[in-house]
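Input: a single structure, listed below in structure tokens.
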Amino acid sequence: MTLVEEPTTADAVPEKEIGKARRRKEDARLITGRTTWTDNMVLPGMLHMAFVRSPVAHGKITQIDVSAAQQAPGVIAVFTGRDVADEQGSLPCAWPVTPDMVNPGHPSIAVDEVNHVGEAVAVIVARSKVAAQDAVELVDVDYDVLPVVLDMEEAVKADAHLCHDHTSSNTSYHFVFDAGDAGTGADTEQAFADAEVVVSRRFVQQRLIPAFMEPRSVVVQPQGDNYTLWSSTQIPHILRVMLAMVTGVPEHKLRVIAPDVGGGFGGKITPTPEEVVTLLVARRLGKPIKWTETRSESLMTAHHGRDQIQYIDVAADREGNVKGLRVRLLADMGAYLRLITPGIPALGAFMFPGIYKFPAYRFECDGVFTNKVPTDAYRGAGRPEATFAIERIMDELADELGMDPLEVRKKNWINAEEFPFTTVAGLQYDSGDYEKATQDALDLLGYDELRAEQKRRRESNDPLQLGIGFSTFTEMCGLAPSRVLGSLSFGAGGWESASIRMLPTGKVEVVTGSTPHGQGHETAWSQLVADHLGVPFEDVEVLHGDTAISSKGLDTYGSRSLVVGGTAVVKAAEKVVAKARRIAAHLLEASEDDLEFSGGKFSVRGTPGTGLGIQEIALAIFAAHDYPEGIEPSIDAEATFDPENFSFPHGTHLCAMEVDTETGFVKIRKYACVDDVGTIVNPLIVEGQVHGGLAQGIAQALYEEAVYDADGNLTTGTFVDYLVPAASDLPHFDTGNTVHTAPSNPIGAKGVGEAGCIASTPAVVNAAIDAVRHLGVSDIRMPLTPERVWRAIHEGGDGG
Ligand code: MCN
């Protein structure tokens with residue numbers, strides 16, 4: 001893999017920090033573990049928790065006997081759901097996507113009924129982790145086992161078993177998005193009635209597990225009626241609000257700290273039962289409490305992602321011009337609604353049109369309850385699913401028309417001169433050039449040579465066939481503006497805040513409301529500040545993830561941090577410079593208007609050799625108390641930023657895939673992608689983000705699937721069964737960039753954190769199908785295991 005090299009000679013160092021491939025300043029401590037992971041916390045008198053979890057997917061709890069566990073060595077207390085029923089509230093769900101959405105409520109510890117395997121039914125508190133885990137075995141729970149519902153297509157039938165006894169169906173909501181004719185669907189129906197060609201498909205977005213590296217962990221320290229909660233979370237600010245609302249601990253008595261967090265990928269974006277219970281138990285016992293999950297517990301009970309069945313129809317004319325798109329989704333909620341469970345498929349509604357322009361579009365989605373762990377965000381959340389469906393159906397349309405898949409895309413995509421472009425889904429795409437990104441990607445891949453090889457292999461009936469898969473994508477990131485999200489009660493996204501203070505010795509502290517958990521914000525934000533204040537990169541420290549230090553923030557997800565949080569940093573830096581300018585004018589006995597600021601130095605226009613550094617000014621006001629009247633004696637500032645629009649990164653991803661038609665084994669021969677993420681602050685971080693995203697997108701296509709048996713047991717509950725690829729399982733990535741700046745933020749950046757994950761899955765599947773389409777294959781169900789590929793070739797269908 002070719003990661004961008006950090007410049008090594010003084011000559012090669014660019015003047016500006018922005019655009020420089022800085023190695024990440026946080027990595028040494030993260031990689032060596034010399035940091036505070038939540039599980040490293042040891043507090044005097046700390047007790048440990050372990051959960052008793054349901055082995056049945058659906059049942060009434062008829063009796064719980066905790067007496068033996070209470071007597072076990074080291075055990076301090078055992079609490080059942082009934083013991084905390086008055087305090088535990090219901091876990092929050094933010095976006096009611098329809099006014100009549102059914103939310104069954106989600107107790108952190110089940111009280112009467114369990115609805116998925118792994119749901120907590122009791123918690124043990126003991127002097128050691130081992131003692132707590134040992135006592136779990138001693139809790140005797142009787143269940144009246146009820147029928148389970150696991151398959152969404154079964155779940156929506158009128159005679160289906162119910163996932164929850166107290167709801168009238170398994171449907172949480174029916175969400176419709178229709179761009180035309182006042183939502184009646186008439187436009188879309190007409191487009192289909194008039195169409196020369198209609199292509200329909202059913203795609204399965206399998207259930208995935210975010211599989212972050214650091215398991216979830218929570219520590220709560222009570223001090224009187226104040227509580228400090230450390231959690232391996234992506235959302236300390238949102239978590240604090242939600243925990244206060246759920247548990248009744250007053251918000252101002254609760255400090256939430258996300259110390260260094262070892263990955264999240266959306267999997268740590270929601271308040272969890274375990275965080276609620278740790279806080280409740282600490283309040284009950286007045287003692288510090290720790291809970292850290294095991295890996296299997298993590299795979300089984302942390303929320304999952306994707307899990308949709310997509311029915312998609314495209315209408316077109318014989319020349320390949322798309323006239324309309326119809327999408328119907330079944331989206332698996334699992335047993336409960338977590339923070340944005342229902343919102344994810346609804347958010348995806350806006351992305352099904354992809355990079356294309358056509359006149360008619362209707363989207364309908366049923367959120368469906370099943371007796372499985374809830375779904376919620378997983379890298380891309382709604383956008384990979386939508387991109388997969390549109391990019392797969394474009395290939396199917398091309399096949400139906402006997403056209404080249406690239407030609408069909410070219411006929412329908414938005415051209416560079418058409419930006420800004422308002423799509424049929426109502427989004428205003430900001431900037432880009434799909435044609436250029438595609439041409440660059442074709443060049444990187446060596447397209448013509450590979451097509452020639454494909455032809456040779458086909459003609460000679462070679463058992464090893466070659467295919468090339470396209471995926472052209474865009475995505476909406478940096479959810480905004482706040483007033484729109486607020487009108488939806490979306491509960492996340494919107495503005496972000498930052499503050500900057502220059503310390504007396506000229507060092508700079510930056511406090512950000514974003515909460516990195518692997519994205520390198522300390523480095524990138526330092527680069528932004530170094531450029532805007534003209535101070536050395538090394539003089540900047542970035543603080544984050546502690547509600548007592550950064551009281552305002554909306555955290556990290558949706559590839560929002562640079563475009564929203566980074567811009568807040570830039571705006572705070574501009575205010576700092578403005579304040580320093582007033583002091584500089586006083587110290588230099590000059591008019592503010594006559595001052596120039598460059599390279600961290602104020603000088604009087606026309607006398608560039610003289611002047612005062614901004615770092616010197618910081619010391620002057622501290623040590624000499626020398627500052628103008630009416631100004632506070634510090635150089636600091638706070639800013640928030642609330643963009644008027646999303647940013648829309650885009651790109652073209654190409655995969656060349658070998659398929660062994662005799663064994664069904666597939667192998668990525670080459671992978672090339674060209675992304676446009678606007679202004680790049682740190683090319684090394686961007687490339688790392690793209691690589692990580694590609695690994696996860698390719699994993700969905702080829703390796704990963706959360707599988708439940710007929711009783712609702714997760715059969716992929718270890719890393720032996722749930723195949724997360726290692727670096728050695730992945731190909732070399734040829735990556736490139738085009739740069740079209742985003743008008744929605746002054747940096748001109750677009751998000752990159754999810755791009756690779758969104759774009760890559762359809763490229764890989766399209767490539768495999770392209771290799772064997774001449775053998776009659778038009779779909780293969782993900783992940784493309786050798787058995788599925790073999791079956792699709794030799795038995796037909798999607799091999800699933
Ligand atoms: N960046 C840049 N130039 C750009 C865009 C981004 O230099 N034009 C840099 C940013 O400065 C930042 C990084 O790239 O350091 C990612 O920025 P951004 O796209 O704003 O995404 P976020 O920081 O908001 O991160 C969220 C995103 C998401 S939604 C998931 S899921 C995800 C991801 O980031 N989870 C991750 N990347 C991850 N990386 C790691 N290591 N671990 C996770 O859990």
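Distance between Cα centroids, the stretch 722-800 to the stretch 404-443: provide it in whole Å.
Taking the Cα centre of the stretch 404-443 as reference, the centre of the stretch 722-800 is 19 Å away.
Which lysines, if any, have their Cα less than 22 Å from the Cα of LYS157, not counting same-chain residues under 8 positions apart?
Within the straight-line cut-off, LYS157 pairs with LYS372.
From largest to smallest, what semi-axes in whole angstrom does the chain give when each is the square root of 5 times an eigenvalue of its alpha carbon gyration tensor?
Gyration-tensor ellipsoid for the chain: 42, 38, 24 Å.
Mind putting a number on the dipole of the chain about its Cα centre? Charges go on the C-beta only, +1 for Lys and Arg and -1 for Asp and Glu, and I need it in Debye to the nearest 20.
On the way: 68 positive and 111 negative charges, 256 e Å.
Here the chain has a charge dipole of around 1220 debye.
When Lys and Arg each count +1 and Asp and Glu each count -1, what net charge do the other residues less than 12 Å away from LEU43, Cβ to Cβ, add up to?
Within the 12 Å Cβ shell, the charges total +2.
Across 10 Å bins from 0, what is the distribution of all Cα-Cα pair distances for the stretch 495-641, in whole percents?
Binned Cα distances yield the sequence 13, 41, 30, 13, 3.
Could you give the nm distance between label points at LEU543 and ARG451, where each point is 7 Å from its Cα heading toward the beta carbon?
Here the answer is 5.8 nm between the modelled labels.
Amide H to amide H under 5 Å from GLU17: which residues, 5+ apart in sequence or cross-chain, H placed 1.01 Å off N in plane?
Hits under the 5 Å cutoff: ASP531.
For ASP546, which sequence-distant residues (separation of 5 or more, or a different chain) have an amide H within less than 5 Å of its own amide H, given hydrogens modelled in the peptide plane?
For ASP546, the qualifying residues are ALA258.
Of the listed pairs LYS268/LYS507; LYS552/LYS575; LYS357/LYS750; LYS268/LYS552, which have alpha-carbon separations greater than 24 Å here?
The pairs that break the limit, which is 24 Å between Cα atoms, are LYS268/LYS507.
Mind jotting down the three principal axis lengths of the stretch 615-696 based on Cα atoms? Whole angstrom, largest first.
Sorted largest first, the three principal extents are 83, 30, 17 Å.
Per the Kirkwood treatment, what hydrodynamic radius in Å, one decimal, follows for the stretch 645-800 from the mean inverse distance over all distinct Cα pairs?
16.9 Å
Quick one: the Cα spread of the stretch 183-222 along its three principal axes, in angstroms, biggest first?
The Cα atoms of the stretch 183-222 stretch 66, 24, 10 Å along their principal axes.
List the DSSP H helices in the chain whose Cα atoms stretch 15 Å or more along the helix axis and whose mean Kyte-Doolittle hydropathy is at least -0.5. Could you put the intermediate results ahead of the total?
Working: long enough: 236-247 (16 Å, 1.34); 273-285 (18 Å, 0.58); 383-401 (27 Å, -0.29); 434-445 (16 Å, -0.41); 447-459 (18 Å, -2.70); 521-533 (17 Å, -0.30); 567-588 (30 Å, 0.61); 683-702 (28 Å, 0.69); 755-772 (27 Å, 1.36).
Correct list, ordered by number: 236-247, 273-285, 383-401, 434-445, 521-533, 567-588, 683-702, 755-772.
Net charge near PRO649, counting Lys/Arg +1 and Asp/Glu -1 over other residues with Cβ under 11 Å of its Cβ?
Working: positive: ARG383, LYS750; negative: ASP430, GLU475, ASP675, ASP676, GLU754.
Net local charge, PRO649 excluded: -3.
Ratio of the stretch 15-165's C-alpha Rg to 2.2 N^0.38 Å, to two decimals?
On the way: Rg = 21.8 Å, N = 151, 2.2 N^0.38 = 14.8 Å.
Output field value: 1.47.
Please compute the net charge surrounding ARG283, taking Lys and Arg as +1 and Asp and Glu as -1 over other residues with Cβ under 12 Å from its Cβ.
After counting each charged neighbour, the total is +1.
Considering the alpha-carbon set of the stretch 702-777 alone, what are its Rg and its Dmax in angstrom?
Every Cα atom of the stretch 702-777 included, Rg and Dmax give 18.5, 53 Å.
Pop out the Kirkwood hydrodynamic radius of the stretch 95-254 from its pairwise C-alpha distances, inverse of mean 1/r, in Å to one decimal.
About 21.3 Å for the stretch 95-254.
Can you classify the stretch 474-579 as rounded, prolate or oblate using the Cα gyration tensor, where a ≥ b ≥ c are the square roots of its eigenvalues, rounded means a/c under 1.5, and otherwise it's prolate if a/b beats b/c and oblate if not?
prolate
In whole angstrom, note down how far apart the Cα centers of the stretch 77-146 and the stretch 653-687 are.
The stretch 77-146 and the stretch 653-687 have Cα centres separated by 42 Å.
Since every read-out is calculated from the coordinates, none of them should be taken as a lab result. Being a predicted model, the structure only gives us computed values, none of them experimental. Backbone-built Cβ (ideal geometry, glycine too); neighbour counts: all protein chains shown.
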